[in-house]
Number of protein chains: 2
Amino acid sequence: MPTVYGLRSSGNCYKVQLLLELLGQPYRWVDTDSTQGATRTPEYLALNPNGKVPLLVLDDGRRLAESNAILCYLAEGTPYLPADAWDRARTLQWLFFEQYSHEPYIAVARFVRRWLPGDHARQAEVPRLIERGAQALDVMEQHIGSESFFSGGAFGVADMALFAYTHCAADGGFDLSRWPRVTAWLERVRSQPRFSAMAA
Amino acid sequence: MPTVYGLRSSGNCYKVQLLLELLGQPYRWVDTDSTQGATRTPEYLALNPNGKVPLLVLDDGRRLAESNAILCYLAEGTPYLPADAWDRARTLQWLFFEQYSHEPYIAVARFVRRWLPGDHARQAEVPRLIERGAQALDVMEQHIGSESFFSGGAFGVADMALFAYTHCAADGGFDLSRWPRVTAWLERVRSQPRFSAMAA
């Protein structure tokens with residue numbers, strides 16, 4: 001049974017929870033609060049030198065970091081990761097888009113607004129985060145006008161990755177009513193059998 | 001013959017050039033200068049709505065964005081992308097690490113120092129970029145102490161991705177002599193048959 005080190009309110013960690021629940025795969029979850037320094041201890045850094053959650057640990061001790069790499073590994077051979085080379089490539093495209101053009105703005109806006117004090121210096125970053133995050137949502141809105149999902153035409157790991165921080169984008173100050181197709185796609189994700197919501 | 005839209009001095013674009021040269025695969029290259037607005041034209045945005053290079057276009061018109069997704073697609077079935085599930089997962093781990101924990105600091109430090117005026121407001125970002133980029137190099141140094149490469153134990157796409165901005169990190173103000181194992185790994189990459197250097 002694999003073990004996941006993670007923080008339940010982190011979208012990057014939630015992605016892994018969501019996939020495991022959708023797969024109906026048993027797993028252990030070790031609460032690891034990165035906001036309280038739990039990923040910077042010597043013990044944790046020995047597990048993941050990059051000091052981040054989530055981290056997947058297999059029964060034999062092998063360890064895998066990076067949420068989207070974990071998604072691909074766990075989804076291999078399931079309908080959530082396409083076997084077709086081009087569909088797989090398009091899935092990876094959206095997974096890298098999520099980590100480079102989406103999460104650094106939409107997740108960080110949420111972090112700054114929800115977890116930092118209102119007078120913290122980083123509040124000054126919010127307008128730029130909102131602007132760049134809106135560009136990412138625009139790109140998603142355009143894609144989802146012609147296709148139902150982001151994982152090579154079907155529901156899969158790229159949808160889970162993009163859902164993680166899009167569904168709670170309002171926490172960062174985004175008004176999702178500006179992106180009606182994205183909003184409809186969020187509902188399609190929520191309607192998947194065995195869908196599991198993120199912890200509040 | 002595939003077409004690559006790219007800027008030769010961009011590490012993200014160079015990754016794709018490097019793989020194609022290593023594979024000995026013929027390709028067309030369309031110079032697309034993102035620093036001069038060439039990725040924000042209506043024509044280019046019709047090809048890649050996210051307005052970035054590189055972009056791979058196949059003969060039948062199919063398009064793929066995101067440098068590391070392009071690497072995986074082109075390397076499928078070659079020795080540069082492991083077939084073994086775990087080695088592939090570890091390769092993806094480093095590809096996501098590169099886009100999330102490495103490129104946003106090491107490539108951006110290079111961009112700010114080399115392409116922006118010395119009195120540009122973004123010069124103020126450089127100390128934090130150097131600090132976070134050094135953390136990424138520390139993580140690489142630790143890994144490369146126990147393995148020769150980053151792509152599941154062998155030379156492959158994760159090495160190409162990490163090489164792209166690591167080898168020119170001095171442009172951003174990093175002193176690579178601090179990371180001797182990384183420096184030795186750079187030489188192992190350069191010694192690969194058909195290795196192709198990045199444009200100056």
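Each value in this text was obtained by applying a stated rule to the coordinates, not by laboratory testing. Every value quoted in this text rests on a predicted model; they were computed, and no experiment measured them. No Cβ is skipped: glycine too gets one built from the backbone with ideal geometry, and neighbour counts run over all protein chains shown.
Assorted remarks:
- Other protein chain C-beta atoms within 10 Å of residue C-beta, averaged over A:68-74: 5.
- Each of the peptides B:106-118, B:185-197 was scored by the mean count of other Cβ atoms within 10 Å over its residues; in descending order, highest first, they stand as B:106-118, B:185-197.
- Per-selection metrics, the protein assembly as shown (Cα): Rg and Dmax in Å: 20.1, 56
- FRET efficiency, residue A:30 to residue B:84 (Cβ-Cβ, R0 25 Å, nearest 0.05): 0.40
- Over segment A:3-75: Kirkwood hydrodynamic radius from C-alpha pairwise inverse distances, Å: 12.1
- A Cα-only calculation for segment A:35-98 places Rg and Dmax at 14.4, 42 Å.
- Gaussian network model of chain A, springs between alpha carbon atoms under 10 Å - residue of A:65, A:83, A:136 with greatest fluctuation: A:83
- Listed by chain and number, the aspartates and glutamates whose C-alpha is less than 15 Å from the C-alpha of residue B:52, apart from same-chain residues fewer than 8 away, are A:98, A:138, B:31, B:33, B:43, B:66, B:103.
- Label-point separation, residue A:183 to residue A:23 (7 Å along Cα→Cβ), nm: 3.4
- Per-residue shielding of B:86-97, expressed as the average number of other chain Cβ atoms within 10 Å of the residue Cβ, stands at 6.
- Ordering of B:163-175, A:139-151 by packing [mean C-beta count within 10 Å, highest first]: B:163-175, A:139-151
- Each copy carries residue A:188; placing its label point 7 Å along the C-beta direction from Cα gives inter-copy distances of 4.4 nm, listed from smallest up.
- Cut-off 20 Å (backbone N to label point 7 Å along Cα→Cβ of residue A:138), residues of segment B:53-78: B:53-55, B:65-66
- Sequence-distant contacts, meaning Cα pairs under 8 Å at least 6 residues apart, place the relative contact order of segment B:85-190 at 37 percent.
- Debye-formula intensities of segment A:97-165, expressed as log10 I(q)/I(0) at q = 0.13, 0.15, 0.22 Å⁻¹, are -0.41, -0.53, -0.90 (one equal scatterer per alpha-carbon, no solvent).
- Radius of gyration, Dmax [chain A; alpha carbons; angstrom]: 16.6, 50
- Innermost chain B residue relative to the axis carrying B onto A, by Cβ distance in angstrom: B:99, 3
- Under the criterion of Cα pairs below 8 Å and six or more residues apart, the relative contact order for chain A equals 25 percent.
- The distance linking segment A:11-36 with segment A:167-200 is 18 Å (Cα centroid to Cα centroid, whole angstrom).
- Between identical copies, the spacing of residue A:40 label points, each set 7 Å from Cα toward the C-beta atom, reads 3.6 nm from nearest to farthest.
- Here each label is just a point 7 Å from Cα along the line to Cβ, and for residue B:175 and residue A:1 those points are 5.1 nm apart.
- Teacher prompt: residue A:199 distances to equivalent labels in other copies, 7 Å Cα→Cβ, nm: 5.0
- About the centre of its Cα atoms, segment A:67-200 shows a dipole size close to 240 debye [charges on the beta carbon of Lys, Arg (+1) and Asp, Glu (-1) only; nearest 20 debye].
- Between residue A:148 and residue B:128, the simple spin-label model (points 7 angstrom out along Cα→Cβ) gives 4.2 nm.
- The share of Cα pairs per 5 Å bin across segment A:137-190, counted from zero up to the longest distance, runs 4, 21, 35, 27, 9, 2 percent.
- Net charge of neighbours whose Cβ lies under 12 Å from the Cβ of residue A:33, counting Lys and Arg as +1 and Asp and Glu as -1: +1
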